[in-house]
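The values are calculated or read from the model by the stated rules, or taken from the named source; none is laboratory data. Just so we're clear, the structure is a prediction, and the values are computed from it rather than from any experiment. Positions of Cβ are generated from backbone atoms using ideal geometry, with glycine treated the same way; all protein chains shown enter the neighbour counts.
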Amino acid sequence: MVVSRRPLDRIVDWAITLFLIALAASTLLPLVHTLALSLSSKQAVAGGLVSLWPVGFNLFSYEYIIQDEKFWRAFGISLARVAVGGFTNFALTVLTAFPLSRSAQAFPGRNVFMWLMVAGMILNVGVVPWYLTISQYGLIDSFWALILPTALPIWNVVILMNFFRNLPKELDEAARIDGANPWQLLWHIYLPISLPALATVTLFSLVAHWNSFFDGLILMNNPDNYPLQTYIQQLVIAQRTVLQSGQAQLLGRLSNNTLNAAKLFIAMIPILIVYPFLQRYFIRGITLGAVKE
Amino acid sequence: MHRKSDTLAYYVMILPGLFLLVAFTFVPLFYSVIAFQKFNPARGIQNSPWVGFDNFLFLFRIQDAREVFANTLFIAIGKIGLLLIVAVVFALLLNEVRFAGPKRLIQTMVYLPHFLSWVILAGILRTLLAREGLLNDALALFGLKPIAFLGQPATFPWVIIFSDIWKEFGFEAIIYLAALTSIDPTLYEVAELDGASRLQKMLYVSLPGIAPTIVLVASLSIGNVLNANFDQIVNLYSPIVYSTGDVLDTYAYRVGLIQGQYSIGTTVGLLKTVVSLILIGVSYWVADRFANYRIF
């Protein structure tokens with residue numbers, strides 16, 4: 001019996017594997033299609049000839065975008081918000097998670113603060129009062145409007161707090177006996193041994209900053225202040241677009257379709273670059289929050 | 001041996017986070033009182049007239065609001081249910097793949113869309129699903145007429161549901177894959193000795209093994225049945241499909257911020273918050289009761 005089942009087993013193995021590879025490839029086809037569109041000629045795109053391989057290969061869209069100041073300004077704003085916002089998220093996550101990982105005896109009020117955090121996480125305020133508050137603070141059209149409202153990622157705080165709580169108590173006691181204060185304990189003991197957890201939550205917040213478009217849309221009145229996702233959203237989705245004048249010969253060879261495809265693809269590149277790191281850490285991140293003593 | 005200076009250090013550490021929490025979550029919550037006003041931005045909260053529950057009664061009366069509520073439930077529940085099924089089936093199948101290389105490759109491919117923004121994906125989908133887009137070209141090969149996927153009320157909610165599954169099923173499967181690796185291998189060996197086929201092992205060992213995780217995910221999703229995903233819908237919908245595609249969040253945004261009816265928009269948001277709060281309470285109770293799960 002066992003022997004006769006083996007060849008069938010082999011076939012089933014291959015069938016499942018091939019099916020899943022096809023399924024997985026199909027999740028990527030739309031991305032490949034976009035890349036192909038961005039590299040094809042205007043006529044081929046208009047005629048619907050392009051599927052997964054460029055037709056009438058050219059780089060005109062990319063040549064145009066390289067000279068497009070508005071695109072690069074938005075790209076720069078996005079990079080800046082990823083850097084500043086990512087750092088702010090990191091610092092606040094650590095500074096908030098550490099005291100919350102202490103016992104209520106060591107940190108009186110810990111449970112009250114914890115409940116406030118959880119309340120803040122689940123009380124999802126509507127967009128209107130959120131907007132009114134931020135405009136009341138005078139943050140409209142300010143870069144800080146992209147940073148401060150999301151500066152404290154509570155879910156990351158909870159993940160990191162749970163991680164801290166699961167570290168062996170002996171570490172704590174040893175450092176205490178050596179006379180370390182909480183700052184030294186955090187800086188010399190907790191941070192170094194929590195690097196994988198920190199990498200995970202930080203990567204999540206970097207991606208969130210890069211991908212965010214809505215805050216840029218409602219908190220920036222001047223389109224010059226849009227981050228890249230908002231800029232692309234207005235261009236591709238809301239279709240508020242005027243091709244930049246001045247590059248007449250290039251324009252003749254371009255269409256909005258090829259140009260938009262190229263912009264979408266360029267906006268994906270930073271994610272593709274960090275993707276290997278994401279993949280390495282996010283599995284841990286997903287299980288991290290759930291594991292407790 | 002808790003020292004006073006230590007306690008002080010903890011307070012200093014938590015202060016910045018607490019300040020931001022108050023400034024950007026609790027203050028806006030206070031601003032929600034304009035749901036009980038006829039708010040006029042020029043006059044501010046202090047001088048705008050109070051109208052009691054008029055805005056709530058108005059919403060309960062109009063057709064739009066009922067439609068929006070039904071759309072939200074339909075789309076959110078459709079996503080939660082189908083995503084769970086697809087992710088579980090995918091995880092079970094992937095668990096059967098014996099070749100390490102292809103297994104990694106498959107995982108690398110299916111997790112990627114999770115990290116791309118809805119702005120980008122909506123841009124891609126709008127081209128792909130257009131009348132002259134790639135998907136309709138493919139349908140034409142089978143002799144089917146082109147379908148305006150995003151342009152008709154009948155198909156729109158399904159595009160939302162399936163595109164969400166397309167983006168998230170791989171990522172959603174991670175938690176099940178983790179659960180599958182922690183199943184005791186001797187269970188499979190025993191099943192094999194008893195002559196269980198591959199399918200039987202999948203159904204009677206693997207599936208029960210991840211059942212607690214499925215229960216956990218399902219109970220935690222109860223809190224999400226009013227979340228249809230703003231980013232996705234706002235970037236894919238258009239006035240033609242409002243009748244089936246407009247959801248609470250998009251409605252609150254359009255009425256409140258674009259049309260400037262601040263009080264009505266806030267009322268929609270407040271109603272959603274209150275109902276969600278109850279649902280989240282229920283979901284955590286269910287998760288604790290049936291899956292032994294607490295977030296902290």
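Based on what the data block shows, is residue B:116 crowded, with 19+ Cβ neighbours inside 10 Å and facing chain A (nearest Cβ under 7 Å)? Taking the combined requirement at face value, the residue satisfies it.
Could you check the stretch A:143-169 and list, in sequence order, the residues that are under 17 Å from residue B:18 (Cβ atoms) and either among the aliphatic types (A, V, I, L, M) or not in a helix (DSSP H, G or I) (or both)? Listed by number, the residues that qualify are A:148, A:151, A:152, A:153, A:154, A:157, A:158, A:160, A:161.
Looking at residue A:88, is it at the interface with chain B (Cβ under 10 Å from one of its Cβ atoms) and in contact (Cβ under 8 Å) with a residue 60 or more places away in the chain? When the stated conditions are applied, residue A:88 passes them.
Tell me which residues, restricted to the stretch B:98-110, are under 22 Å from the mean Cα position of the chain (by Cα) and surrounded by fewer than 22 Cβ atoms within 10 Å (Cβ to Cβ). B:107, B:109, listed by residue number. If you filter the stretch B:12-29 down to residues that are more than 15 Å from residue A:117 (Cβ to Cβ) and either touching a residue at least 40 places away in the same chain (Cβ under 8 Å) or facing chain A (nearest Cβ under 8 Å) (or both), you find that the one that is farthest from the chain's Cα centre (by Cα) is B:27. When the stretch B:133-144 is filtered for residues that are farther than 17 Å from residue B:236 by Cβ and either in a helix (DSSP H, G or I) or within 7 Å of chain A (Cβ to nearest Cβ) (or both), the ones remaining, listed by number, are B:137, B:138, B:139, B:140, B:141. Reported count of residues in the stretch B:214-267, each being within 18 Å of the chain's Cα centre (by Cα) and not hydrophobic (A, V, I, L, M, F, W, C), is 17. The number of residues in the stretch B:245-282 that are buried (at least 20 other Cβ atoms within 10 Å of the Cβ), in contact with a helix residue (DSSP H, G or I) (Cβ under 6 Å, 6 or more places away or on another chain) and assigned to a helix (DSSP H, G or I) comes to 19. Here residue A:62 meets each of (1) aromatic (Phe, Trp, Tyr); (2) at the interface with another protein chain (Cβ under 10 Å from one of its Cβ atoms); (3) touching a residue at least 12 places away in the same chain (Cβ under 8 Å) with one exception, condition (2). Suppose we filter B:219, B:197 for residues that are more than 30 Å from residue B:275 (Cβ to Cβ) and assigned by TED's automatic domain parsing to the domain that holds residue B:126; which single one remains? Criteria check complete, one pass: B:197. In the set A:180, A:208, only one residue is farther than 21 Å from residue A:267 by Cα and either in the same structural domain as residue A:272 (by TED's automatic domain parsing) or of a type outside the set (Val, Ile, Thr) (or both); that residue is A:180.
Criterion first (surrounded by 17 or more Cβ atoms within 10 Å (Cβ to Cβ) and more than 30 Å from residue A:122 (Cα to Cα)) does residue B:206 satisfy it? Criteria met by residue B:206. So for the stretch A:12-24 (the condition being surrounded by 13 or more Cβ atoms within 10 Å (Cβ to Cβ), in contact (Cβ under 8 Å) with a residue 40 or more places away in the chain, within 11 Å of chain B (Cβ to nearest Cβ) and in a helix (DSSP H, G or I)), does at least one residue qualify? Looking through the stretch A:12-24, none of the residues is surrounded by 13 or more Cβ atoms within 10 Å (Cβ to Cβ), in contact (Cβ under 8 Å) with a residue 40 or more places away in the chain, within 11 Å of chain B (Cβ to nearest Cβ) and in a helix (DSSP H, G or I).
A count restricted to the stretch A:25-54 and to residues that are in a helix (DSSP H, G or I), under 16 Å from residue B:129 (Cβ atoms) and among the polar types (S, T, N, Q) stands at 3. Where helices (runs of 4 or more DSSP H) sit wholly within the stretch B:172-241, those with at least 1 residues that are closer than 30 Å to residue A:217 by Cα occupy B:207-221, B:230-236.
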